[in-house]
Amino acid sequence: MKRATEFSKDAGKAKSKFLKVLESIISHSLNPAETEDEEFFKKVTGRYPHPDSVVLKRCRFGKPVAFASMPVSYGEPFPTMFWLTCPYLLKLCGKLESALLHRTLEAEIERTERLRKEFYEAQMKMINIRKEVARATFLDLPRSVLETGIGGVRNLMRVKCLHAHMAASFAGIESPVTKALYESITVFECEEGCF
């Protein structure tokens, strides 16, 4: 197994394995991020994307809605694998967080056995995806990264960020949180495109 700091030496091979693993999990073909996609990511998030990023979904205007990246950033372990980059959806998720939807959902998940089970299964799916990517790319990640849930959360019954759950939904990870998001957000694309 390679340590995360040794990863950059074989980034090309790992990237193609990463792409294949994600495609097998998501069940549709994906494309590596192009330079304009990376610029879009930077413009939206204020940070450079991981060098191994792929576009999970595009909007009707051709812009990346969500990215996927390996659980390593510039040689260091990094738990977040799915990134929401649609400014429209980010804004809506932000409004829902400001209205404390994530806290309301945490309370409902805690009170309801069925929701607890569904949420835990979604978190475990995230963990299993991360572990499969690490296994397939020979990446040795610490347990502190491997065993975190959506958005890198350590407490698997906690909702960290709504946008992380929305991004994970584009990778096929459904939960009570994504169901609530899909009920709250009725229009999933802006009318005129962004930037």
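Bear in mind that the values in this text are calculations on the coordinates, not laboratory data. Computed from a predicted structure; not experimentally measured. Cβ atoms come from the backbone with ideal geometry, glycine included; neighbour counts cover every protein chain shown.
The figures follow:
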read-out	value
Check: the chain dipole with +1 on Lys, Arg Cβ and -1 on Asp, Glu Cβ, in debye	440
Most to least packed among 146-152, 96-102 [average Cβ atoms within 10 Å]	146-152, 96-102
Between segment 53-104 and segment 117-166, the Cα center-to-center distance that results, in Å	15
Contact order relative to length of the chain, as percent, for alpha carbon pairs under 8 angstrom and 6 or more apart	24
The chain - mean residue ellipticity at 222 nm from DSSP helices (-39,500 (n - 2.57) per run, n ≥ 4, rounded to 500)	-15000 deg cm²/dmol
Overall Cα dimensions of segment 150-195, principal axis frame, Å, largest first	39, 23, 16
Residue among CYS59, CYS93, CYS161 with the largest mean-square fluctuation in a Gaussian network model of the chain, springs linking Cα atoms under 10 Å	CYS59
Stokes-Einstein D for the chain, Kirkwood Rh over Cα pairs, 10 °C, 1.306 mPa s (µm²/s)	93
Exceeding the 23 Å Cα-Cα cut-off - candidates LYS20/LYS160; LYS20/LYS131; LYS20/LYS179	LYS20/LYS160; LYS20/LYS179
Loop-located trypsin sites (Lys or Arg not before Pro) in segment 136-190 whose Cβ has at most 11 other Cβ within 10 Å (DSSP)	ARG154
